[in-house]
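Take a look at the structure below.
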């Protein structure tokens with residue numbers, strides 16, 4: 001058999017009747033969709049299965065704090081009891097988490113969802129203005145944070161608990177061992193977590209993610225690994241035995257991201273992995289120290305983390321021989337960077353891979369790695385089990401293979417909605433559950449290719465940055481008449497933020513002074529990663545088309561006015 005036949009044979013074997021990942025069709029939110037027949041029905045079920053299989057293994061590590069799965073389970077039960085009995089948390093309530101990557105963040109997530117409530121995962125880099133907006137939007141009954149972030153809560157009327165300094169307030173209550181003990185029945189399509197994503201209206205939107213979505217993320221990823229392994233076995237004519245060693249994962253992705261919660265916690269928990277965290281700003285030398293001392297086996301080089309660690313690795317003397325798996329996500333990954341990772345972590349070279357998804361899609365749509373990625377470095381990957389992909393034109397109609405258009409995905413795991421934003425929900429998530437990804441791409445021979453330059457969104461070091469949010473802030477400055485923001489390629493960050501401004505009449509004097517003032521102005525209400533690092537002050541009006549849209553391609557020098565179709 002050739003490779004295409006092997007792929008088809010393996011997938012049929014895994015997803016067919018009696019297969020370990022047998023697919024069936026069931027109604028999900030009123031639409032018949034493929035789902036795995038054998039699956040967990042809630043995050044709590046997935047949690048208990050993991051604890052039962054690996055009770056004595058270490059689970060979470062942060063400096064001197066080292067929790068086994070059994071100890072962690074006891075902490076979750078105790079915190080769930082305190083949330084219920086002391087703070088009145090009930091099904092349907094929102095509980096915000098505004099903290100760094102600490103074990104108590106993870107404990108809070110499982111305790112909240114056990115009670116049938118929804119965790120609102122606040123971006124830890126937000127300014128007071130940004131977090132205030134999120135709190136006003138979600139109206140949480142309680143906010144759990146750390147000292148550094150709680151100090152940013154200005155003008156916010158919500159009860160708070162410091163997860164570290166006030167941890168005793170979340171201890172000593174009658175433990176809630178599982179959802180049934182709390183008298184809670186959790187439906188698969190009940191909300192579990194709300195994750196914020198920048199929006200085209202200039203304010204963060206809250207993507208509501210179900211228990212089904214989180215469990216589906218895990219199961220799809222597991223199925224993808226099994227599928228790729230079986231394909232390799234058939235192709236090479238060998239058996240690849242499963243590893244019996246505990247995976248040790250370095251958790252540098254923030255927990256308020258799908259890469260931090262879904263991929264680092266949930267996916268690794270079901271494999272009995274150990275997850276190691278660190279405090280403070282990202283420090284490549286400390287990352288390499290932890291890899292060496294904890295014998296880390298797996299790490300995801302999100303955004304600018306990869307280049308910074310590689311620079312330090314190439315300049316220093318570190319033992320990274322324990323690393324056997326390294327992944328990418330969150331920003332465009334060049335062929336050169338992928339090759340540097342293979343050289344820097346030689347024992348992971350065969351397992352370097354990347355995935356493509358979004359907060360709204362929940363599950364990863366496509367994935368690629370190993371030799372296939374080396375042979376086809378421009379590809380994003382092949383669809384994961386149960387994923388339906390389409391490329392559509394501007395009128396919303398599917399286009400033939402090889403034609404560029406907007407990427408759409410349909411699965412049982414797509415977000416439920418944008419919280420309290422029916423207009424944005426309707427624009428992104430159609431009644432038939434097809435989700436518009438907002439990215440431009442094409443499909444050739446069942447492989448998705450993305451055109452990262454065609455997107456309006458900027459991907460800066462694994463953070464989504466929507467230009468309109470920054471443009472609105474700049475144009476609110478009294479000295480700015482017009483503003484346009486776009487992404488510029490950057491070797492480490494993937495992209496960086498560039499702002500072009502036209503001063504108001506009478507304010508076109510000192511460009512350097514204006515830029516300095518605008519940097520401060522932006523930093524007052526925007527997270528640090530959204531503040532432009534590149535600036536241009538124009539004396540001429542912005543180039544626009546016949547409908548008044550700013551021609552950012554012209555600003556960036558990618559096109560000229562006579563190349564623009566009016």
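Restricting the search to the range 281-307, which residues are within 27 Å of residue 147 (Cβ to Cβ) and in contact with a helix residue (DSSP H, G or I) (Cβ under 8 Å, 6 or more places away or on another chain)?
282, 284, 285, 287, 302, 305
Determine which member of the set 368, 341 is part of a strand (DSSP E or B) and either outside the structural domain of residue 491 (by TED's automatic domain parsing) or surrounded by fewer than 21 Cβ atoms within 10 Å (Cβ to Cβ) (or both).
Numbers: 341 fails: part of a strand (DSSP E or B).
Going through 368, 341 in turn, the sole match is 368.
I'm checking my understanding of the structure. Among residues of the range 535-566 that are within 26 Å of residue 463 (Cβ to Cβ) and surrounded by fewer than 13 Cβ atoms within 10 Å (Cβ to Cβ), which one is modelled with the highest pLDDT?
Among those that are within 26 Å of residue 463 (Cβ to Cβ) and surrounded by fewer than 13 Cβ atoms within 10 Å (Cβ to Cβ), it is 557.
So for the range 164-173 (the condition being buried (at least 22 other Cβ atoms within 10 Å of the Cβ), modelled with pLDDT of 95 or more and closer than 24 Å to residue 259 by Cα), does at least one residue qualify?
No, every residue in the range 164-173 fails to be buried (at least 22 other Cβ atoms within 10 Å of the Cβ), modelled with pLDDT of 95 or more and closer than 24 Å to residue 259 by Cα.
If you check every pair at least six apart or on different chains, which have Cβ atoms under 6 Å apart with a residue in the range 412-428 that is more than 24 Å from residue 41 (Cβ to Cβ) first and a residue that is outside any helix (DSSP H, G or I) second?
Short answer, once both residue conditions are applied: 418/205; 421/205; 424/205; 424/418; 425/417; 425/418; 428/436.
Out of the residues in the range 457-478 that are touching a helix residue (DSSP H, G or I) at 6+ places or on another chain (Cβ under 6 Å) and either in the same structural domain as residue 282 (by TED's automatic domain parsing) or not in a helix (DSSP H, G or I) (or both), which is modelled with the lowest pLDDT?
Selected residue: 463.
Would you be able to say whether some residue in the range 16-39 is part of a helix (DSSP H, G or I), in contact (Cβ under 8 Å) with a residue 40 or more places away in the chain and either under 27 Å from residue 149 (Cβ atoms) or in contact with a helix residue (DSSP H, G or I) (Cβ under 8 Å, 6 or more places away or on another chain) (or both)?
No, the conditions are met nowhere in the range 16-39.
State which residue is nearest to the chain's Cα centre (by Cα) when the search covers only the range 490-506 and only residues that are surrounded by fewer than 17 Cβ atoms within 10 Å (Cβ to Cβ) and in contact (Cβ under 8 Å) with a residue 12 or more places away in the chain.
The qualifying residue nearest to the chain's Cα centre (by Cα) is 492.
The values are calculated or read from the model by the stated rules, or taken from the named source; none is laboratory data. Quantities reported herein were computed from a predicted structural model and do not represent experimental measurements. Cβ: placed from backbone, ideal geometry, glycine included. Neighbour counts: every protein chain shown.
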